[in-house]
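Note sheet for the following structure.
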Amino acid sequence: MTAEEKAGDDLVVTGGSSGIGLALVERLTGEGHRVTCIARRPCPVPGAGSIRCDLADAEAIERCLPALSGLPVPRGVIFCHGQGDFGALEQFSAGRIRRLVDLHVVATLLLCRHFLPSMKRLGRGTLVFLGSEAALRGASRGAVYCATKFALRGAAQALREECGASGVRVGIVNPGMVDTPFYDAQDFAPGDHADNHLDAADVVDAILLMLGAPAGSVIDEINLSPLKKVIRRT
């Protein structure tokens with residue numbers, strides 16, 4: 001049996017070096033799962049595999065594919081990579097728009113394209129997209145960011161229809177504001193009170209719920225938000 005045909009408990013997490021992705025990798029490895037991270041920086045979690053790749057660069061992703069081909073077929077691929085970039089549309093250069101679209105949309109589609117054939121052949125596997133409340137409703141200063149998250153939600157819905165007959169499940173988790181380093185580079189952040197933001201562990205719980213759905217069922221979408229929406233300027 002080739003490495004591609006091995007059916008195990010391997011999981012792949014993109015963006016596993018920080019934020020929600022890091023919290024997910026820590027939880028999964030702590031529970032004994034074999035995890036490989038794909039991220040621009042090395043994954044700091046002991047025991048997790050790490051493939052370094054700038055996911056905003058389509059050519060870099062193509063160069064990483066041979067390393068990905070050597071992995072066993074994953075039971076699940078969770079797409080946690082991304083960054084925030086906000087402002088009026090006229091403030092965005094063409095390159096700035098392209099980078100965010102490439103990072104959120106193109107990278108996710110390229111990696112799905114890589115993993116899906118082997119998952120379909122084995123008739124099992126789960127793809128989980130990390131969306132956002134920005135995939136549900138547009139917001140001021142978020143034209144580009146919201147466009148990418150709406151695109152991810154559409155891709156998840158389309159792949160859900162496309163892959164169900166083959167036994168591959170596809171879903172998306174749409175969190176509201178989460179207390180992570182995502183906001184370190186922004187001029188705003190969620191409020192400090194516990195009901196003003198989610199914790200990374202809350203989103204991890206939702207992802208694990210999706211991964212652990214009973215055989216023959218799929219959780220298509222989870223929308224998760226803090227009780228109160230409070231934004232503070234930083």
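Using only Cα atoms, what Kirkwood radius does region 30-70 have, in angstroms?
The answer is 11.0 Å.
Report the one residue of Ala88, Ser50, Pro190 whose Cα lies farthest in the direction of the positive end of the charge dipole of the chain (charges on C-beta: Lys and Arg +1, Asp and Glu -1; origin at the Cα centre).
Sorting the options by dipole projection puts first Ala88.
Within the chain, count lysine pairs with alpha carbon atoms under 28 angstrom apart where the residues are 8 or more positions apart or belong to different chains.
The number of close lysine pairs in the chain is 4.
Principal axes first, then extents: for the Cα atoms of region 7-79, list largest minus smallest coordinate on each axis, whole Å, largest first.
34, 29, 18
In Å and whole numbers, how far do the C-alpha atoms of region 111-234 stretch along each principal axis, longest first?
In descending order, the Cα extents are 49, 28, 21 Å.
Kindly state, to the nearest 0.05, the FRET efficiency for Arg52 paired with Glu31, given R0 = 35 Å and r defined as their beta-carbon distance.
0.90
Over the Cα atoms of region 174-234, Rg to Rh with Kirkwood Rh, two decimal places?
Ratio of gyration radius to Kirkwood radius for region 174-234: 1.08.
Could you give the length gained by full extension between His193 and Thr234, i.e. 0.36 nm per residue of separation minus their alpha carbon distance, to one decimal place?
Once the chain is fully extended between His193 and Thr234, it gains 13.2 nm.
Give the span of the chain's Cα atoms along each principal axis, as three whole-Å numbers ordered largest to smallest.
Here the spans come out as 55, 37, 36 Å, largest first.
Starting from the Kirkwood Rh over alpha-carbon pairs, what translational D in µm² s⁻¹ does region 52-119 have by Stokes-Einstein at 25 °C and 0.890 mPa s?
185
Given the DSSP H assignment, sum -39500 (n - 2.57) over each helix run of at least 4 residues in the chain and divide by its residue total; what's the result at 222 nm in deg cm²/dmol, nearest 500?
-11000 deg cm²/dmol
Per residue, how many Å² of accessible area does the chain show with a 1.4 Å probe?
Averaged over the residues of the chain, the accessible area is 47 Å².
Under the classification rounded if a/c is under 1.5, otherwise prolate if a/b is larger than b/c and oblate if not, where does region 44-158 fall, given a ≥ b ≥ c as square roots of the Cα gyration tensor eigenvalues?
prolate
The values are calculated or read from the model by the stated rules, or taken from the named source; none is laboratory data. On a predicted model such as this, the values are computed, not experimentally measured, just so you know. Cβ coordinates were reconstructed from backbone atoms using ideal geometry, including for glycine residues, and neighbour counts include every protein chain displayed. Ligands, DNA and RNA are excluded from the accessible area calculation, which covers all protein heavy atoms including side chains. Shrake-Rupley method; radii C 1.70, N 1.55, O 1.52, S 1.80 Å.
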